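I have placed the structure first, in the form of structure tokens, so that the comments after it can refer back to it.
The values are calculated or read from the model by the stated rules, or taken from the named source; none is laboratory data. The structure displayed is predicted, hence computed values, not measured ones. Here the Cβ positions follow ideal geometry from the backbone for every residue, glycine too, while neighbour counts run over all protein chains shown. These accessible areas exclude ligands, DNA and RNA; they are computed on the full protein's heavy atoms, side chains included. Shrake-Rupley method; radii C 1.70, N 1.55, O 1.52, S 1.80 Å.
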Amino acid sequence: MNTGTGALRAATRLIDRSGLADFFDARLARVKPNGDPDRRGRPRVLSVRTLLIGIALAAIDDRELHLVRIRRILGGLSSGQADTLRIPRSEAARLAKLTDRQVSYLWCRMIDLIDPSPHFAGDRLASLDPDGRAAELARRETMLQEVLDRIVEASLDGDRTGSYALDWTFLPSWAKRRPRHKPSPDPDAGTVYIEGGLEPKHFLFGYQVHALVRIAAEGGRPVPNVCERILLQAAAANPAPTLARLITNMNRTEQSVRELLVDRGYSMKVADDWHNPLRRAGVELSFDLHENQRGPHGTTQGAVIADDGVFCPALPEALFGLERLDDFAEAAVRDVIFAEAARRNRFSLVQLGAEKPDGSRRCSCPAAAGKVRCPLKPDSMNLPYSRPTVYPDRTLVADPPKVCTQRTITIGNEVCDSTRQKHRWNTEDWYDAYKRRRRAVETFFSLIEDQGKQEMARGRVKIMGVARTSFMVAFWAAAVNLRVIGRFNTSTKHARVISLTR
């Protein structure tokens, strides 16, 4: 085996830090009815730790994650390499004669413990009633996510920033798509229709791969853009509820996720599935607005609802809807759009304090908050003329709505529930916080799909089922993390040396 010492040490450190060897050994061990270990039967030729190291080596060394490939890697280890991996010599001496069946048998036993799919459970859950079966599958789903988290977490380094970008890609299943009347060998996968773009329109049968990638805090120092969580689902599944639960669980013990940048694939989901659970968990969202979300959307207590905010009823019609900022817009165009957004922001209602548990919030009109001068709020007319002056029309003067007659109003959670975010959309702050920083998530997917590296693609894992596939993809994610951290540390040291020599 031509793997270098650095890769061997990285694989050893990854597996030992994850604690997965003890995790699976404790659950694979057979016990007698009285609780004592059952030592009957032939000793296992291959240990769980060695098998996991073989998978890690294949991922780090940019190999296919095939069980046959892993058996060849383990069988080709020299005595020196086995010592570096801290494999016991008695076991290392047997690896040369390791068979594909022995690797497959242990691998399948491990996956069976954490496989939440009812399609691959077979007769193992047949003795349980429906409630017991559902509870067992839910327990396995939790265990599977724990295993994936352990693999990815073991590859991380540095402090958390609390800021993340979330994105997804598709991974075709090893099984091929079948007609509806024919059962698929991979019932966990799903079918989605890809509508053009950079590739022709076609049906894809496989999985969604979601990655939660660490990014620099707003205004903070650069950090390695590593993946901290990974989730696989059927290609056509709704990821919002599952991902919202995953992020909420991360924040249950500590505020790990404070800021989340997502694209419209997530922000267009139903608010009760996505936006509201994350807000209750203390997560501030940043995203781009879809065409259907832009422009005016009615009123509330006289205030105008437009884009992602609530505005004074005297808002000029020209500012009801802003032009979307193109990703490739020149600086001069951006400045014009930023100026329009800043101008409209003066008419925005001001939130007073934090949101209430039900999502409602107390807001003040811009005149009462001292942002503009308005005849309907006489006190505001004492403000300096540097503040813009609002000129309400005759209808507003004759019959002012509640927002104009009261100092504050309460706006319910249903108003802008799927559009409001950390920074007002299309402003310069939003652009700096979202557009500039979200590109970091693309780096992770470009590396994990790189044909010269991990190359996450059909055929690189010749297994089926969400548990088996996600287990292997987690090792690819860990390998990418190790590469990203290594490059970041090298560039940081290089930059430090340059600064010292100047």
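Taking every Cα-Cα distance in the chain and sorting them into 20 Å bins from zero, the calculated P(r) comes out as 19, 45, 26, 9, 1 percent. This model, with +1 at the C-beta of Lys and Arg and -1 at the C-beta of Asp and Glu, gives the chain a dipole about its Cα centre of some 1500 debye.
With the whole protein complex present, Ser78 retains an accessible surface near 60 Å², based on a 1.4 Å probe. Between the stretch 392-433 and the stretch 324-343, the C-alpha centres lie 22 angstrom from each other. Put +1 on the Cβ of each Lys and Arg and -1 on the Cβ of each Asp and Glu in the stretch 371-501; which of Asn413, Val473, Pro392 then has its Cα farthest toward the positive end of the dipole? It is Val473, whose Cα lies furthest towards the positive end. Within straight-line reach of Lys269, meaning a Cα separation under 25 Å, sit the following lysines at least 8 residues removed in sequence or on another chain: Lys201, Lys356, Lys422, Lys435. Dipole of the chain computed with +1 at Lys/Arg Cβ and -1 at Asp/Glu Cβ about the Cα centre; of Leu243, Ser184, Val333, farthest Cα towards the positive end is Ser184. When you count the other C-beta atoms within 10 angstrom of each residue and take the mean per peptide, 424-433, 95-104 line up highest first as 424-433, 95-104.
Would you calculate a helix-derived [θ] at 222 nm for the chain, using -39,500 (n - 2.57) for each DSSP H run of n ≥ 4 and dividing by the full residue count, to the nearest 500?
Rounded to the nearest 500, it is -11500 deg cm²/dmol.
Rounded to the nearest 5, the antiparallel percentage of DSSP beta bridges internal to the chain is 85%. Shape analysis of the stretch 117-236 places it in the oblate category; the axes a ≥ b ≥ c from the Cα gyration tensor give an a/c of at least 1.5, with a/b not above b/c.
How do Thr12, Thr490 stack up against each other in accessible area, from largest to smallest, with a 1.4 angstrom probe?
Sorted descending by solvent-accessible area, the residues read Thr490, Thr12.
Note on Val270: accessible area is roughly 90 Å² with a 1.4 Å probe, heavy atoms of protein only. Here the stretch 187-234 is treated with +1 on each Lys and Arg Cβ and -1 on each Asp and Glu Cβ, and its dipole about the Cα centre works out to around 160 debye. Note on exposure: Tyr207, Tyr193, Tyr391 ranked by accessible area (1.4 Å probe, complete protein assembly) read Tyr391, Tyr193, Tyr207, with the most exposed listed first.
Rounded, prolate or oblate: which fits the stretch 373-502, taking a ≥ b ≥ c as square roots of the Cα gyration tensor eigenvalues, rounded meaning a/c under 1.5, else prolate when a/b beats b/c? Cα axes put the stretch 373-502 in the oblate bin.
A Förster radius of 60 Å, combined with the Cβ-Cβ distance separating Val45 from Ser360, puts the computed FRET efficiency at roughly 0.45. Taking packing as the residue-averaged number of other Cβ atoms within 10 angstrom, the listed peptides 3-9, 475-481 run from highest to lowest as 475-481, 3-9.
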